[in-house]
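> Below are the structure tokens for one structure; questions will follow.
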Amino acid sequence: MKVNKWTLGLAAVGLVSLPSIIQAEEKASSMMTALSSTTISGYVSTSMEWNPGTGNAFVPGFAFNQGKQDGFNLDVVRLTIERPLDEAQWSAGYKVDLIFGPDANALATSSAGLGFATSDFGIKQAYVAIRAPVGNGLDLKLGVWDTIIGYETFDSGNNPNYTRSYGYSMEPTTHTGLQANYQVNSVLSFAAAIANTLGPTINGRANPPKAESYKTYMAAISLTAPDSFGSFKGATLYGCVINGFNGAINGGTKAQTSLYAGATVPTPLTALKVGVSYDYAGTDHDSATLTAPTYRDAVALYASIQATEKLSFHTRGEFFWQSGSLATPPAAAIAGTAGGQFASVPRKVFALTETLQYDLWKNVLSRLEVRWDHAADGSRAYGGTLPTTDTSTPAKKNAFLVAANVIYKF
């Protein structure tokens, strides 16, 4: 132990004793005890995209694709500070996910009230986690947390492919509210939650136009195959339903119901894993705007092959269909608008994505991806000269993308 001269002087005249000083210093403070179990992690995600051919005025409407064509990109930086729950019956912790970069705007959790309405900063998650000794333990999250629905997540590195699916694009992403999780046993678990709205805006409210008491409700169930299933052990089946208000998507006073079912299944071939997902999002009749009910549906099939320890291949095929009134870009979407890109989502879309992943460097995920989007309703939904006026129109039925994605995880 290093003791400064002033302390040595006090000890020399008998005002303090060195053993007591040493003992006091060796005893951890309450702050140090709390910080000792806190972890810091995150990642930096970058990409390069090339779109064969010319014309990027109208691009496929999957999530996080606008503004990245034919160039080099910083996608997002995520910083996570967390104290996870421990094994104690009465356990407490927290998690804060901060994101920086263009994808923070696409997630759109910030609001004008928070002072970050149009910036490259976002709060992805920020909640207090607690466990109550109910049965096997009831885990609660209060604050802002990721949605409980969907096969894919915001974090591209946790998905089989770099680009997101149409199913992900039509799902809610984050909520502000209270979530409860209960693990019945190794096979069965439940989740239920209540949130302000179905939309991502932190502290957003459904009032107006809904009543002050109007909230968003959700529930999910998960099944995991036990060891007795042989080569299929670990297979998971997941289902979820959400009902609430999302003014950013719906407008007017319509409520939205989202349904999801998904499964991931290992196969007798050790290297092969397959998955399937189905998403539905429907709105009811809007008495305020007199608009009719709408629907969106998406089905996706996934296959992953772990060829070697470092090399893997990931395939996704998907089909998306929706109400004709939701198809974009309608004429009104570009009228009076100058410059920029427009996300185009025709009434029916077929998409095929192939991803090669090779983990050459430690902590680095590196991928090469090819994607094809096809307007299956026969419309010309893509392409068009990047507009300097509002006169550009889509000219292609097919859109192609070649992307390289490099993520460093720390």
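> Could you grab me the full set of residues in the stretch 377-410 that are farther than 16 Å from PHE58 by Cβ and among the hydrophobic types (A, V, I, L, M, F, W, C)?
VAL402, ALA403, ALA404, VAL406, ILE407, PHE410 - these are the residues of the stretch 377-410 that are farther than 16 Å from PHE58 by Cβ and among the hydrophobic types (A, V, I, L, M, F, W, C).
> Condition test on THR54, is it of a type in the set (Val, Ile, Thr), assigned to a loop (DSSP other than H, G, I, E, B) and open to solvent by 30 Å² or more (accessible area, probe 1.4 Å)?
Answer is yes for this residue.
> Which residue pairs have Cβ atoms under 7 Å apart, sit 6 or more places apart or on different chains, and have a first residue in the stretch 341-358 that is surrounded by fewer than 22 Cβ atoms within 10 Å (Cβ to Cβ) and a second that is outside any strand (DSSP E or B) and polar (S, T, N, Q)?
Sorted first by the residue in the stretch 341-358, then by its partner, the pairs are GLN341/ASN56; GLN341/GLN66; ALA343/GLN66.
> Scanning the stretch 141-157 for residues that are within 24 Å of THR257 (Cα to Cα) and not in a loop (DSSP other than H, G, I, E, B), which turns out most open to solvent (accessible area, probe 1.4 Å)?
By that ranking, first place goes to LEU142.
> Answer with yes or no whether LEU138 is over 19 Å from the mean Cα position of the chain (by Cα) and surrounded by fewer than 16 Cβ atoms within 10 Å (Cβ to Cβ).
Answer is yes for this residue.
> Filter the stretch 181-202 down to the residues that are open to solvent by 30 Å² or more (accessible area, probe 1.4 Å) and over 18 Å from the mean Cα position of the chain (by Cα) and list them by number.
Within the stretch 181-202, ASN181, TYR182, GLN183, VAL184, ASN185, SER186, VAL187, LEU188, PHE190, ALA192, ILE194 qualify.
> Considering the stretch 266-281 alone, what residues qualify as being among the small types (Gly, Ala, Ser) and buried (at least 18 other Cβ atoms within 10 Å of the Cβ)?
GLY275, SER277, ALA281
> Could you check the stretch 293-314 and list, in sequence order, the residues that are more than 18 Å from TYR151 (Cβ to Cβ) and among the hydroxyl-bearing types (Ser, Thr, Tyr)?
The answer is THR294, TYR295, THR308.
> Looking at the stretch 356-379, which of its residues are among the basic types (Lys, Arg) and part of a loop (DSSP other than H, G, I, E, B)?
Just the residues of the stretch 356-379 that are among the basic types (Lys, Arg), to begin with: 362, 367, 371.
Matches in the stretch 356-379: LYS362 only.
> If you go through the stretch 239-265 one residue at a time, how many are at pLDDT 95 or above and buried (at least 20 other Cβ atoms within 10 Å of the Cβ)?
Adding up the residues that qualify gives 5.
> Okay, moving on. Out of all the residues in the stretch 57-93, which are part of a strand (DSSP E or B), out of contact with any Ser or Thr (no Cβ under 9 Å at 6 or more places or on another chain) and under 16 Å from VAL128 (Cα atoms)?
SER91, ALA92, listed by residue number.
> Let me ask something additional. Out of the stretch 158-170, which residues are open to solvent by less than 20 Å² (accessible area, probe 1.4 Å) and either of a type in the set (Gly, Ala, Ser) or under 25 Å from LYS409 (Cβ atoms) (or both)?
Once the filter is applied, which keeps residues that are open to solvent by less than 20 Å² (accessible area, probe 1.4 Å) and either of a type in the set (Gly, Ala, Ser) or under 25 Å from LYS409 (Cβ atoms) (or both), the stretch 158-170 yields ASN159, ASN161, TYR162, THR163, ARG164, SER165, GLY167, TYR168.
> Select, from GLY167, GLY234, the only residue that is in contact with an Asp or Glu (Cβ under 9 Å, 6 or more places away or on another chain), modelled with pLDDT of 90 or more, under 30 Å from GLU354 (Cβ atoms) and in a helix (DSSP H, G or I).
GLY167
Conditions tested, residue by residue: (1) surrounded by fewer than 17 Cβ atoms within 10 Å (Cβ to Cβ); (2) of a type in the set (D, E, K, R); (3) under 22 Å from the mean Cα position of the chain (by Cα).
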site	(1), (2), (3)
GLY71	yes, no, no
ARG78	no, yes, yes
TRP90	yes, no, no
LEU98	no, no, yes
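The values are calculated or read from the model by the stated rules, or taken from the named source; none is laboratory data. All figures in this text were calculated on a predicted structure; none of them were measured in a lab. Here the Cβ is made from the backbone with ideal geometry for all residues, glycine too, and neighbour counts use every protein chain on show. Heavy atoms of the whole protein, side chains included, go into the accessibility calculation; ligands, DNA and RNA do not. Shrake-Rupley method; radii C 1.70, N 1.55, O 1.52, S 1.80 Å.
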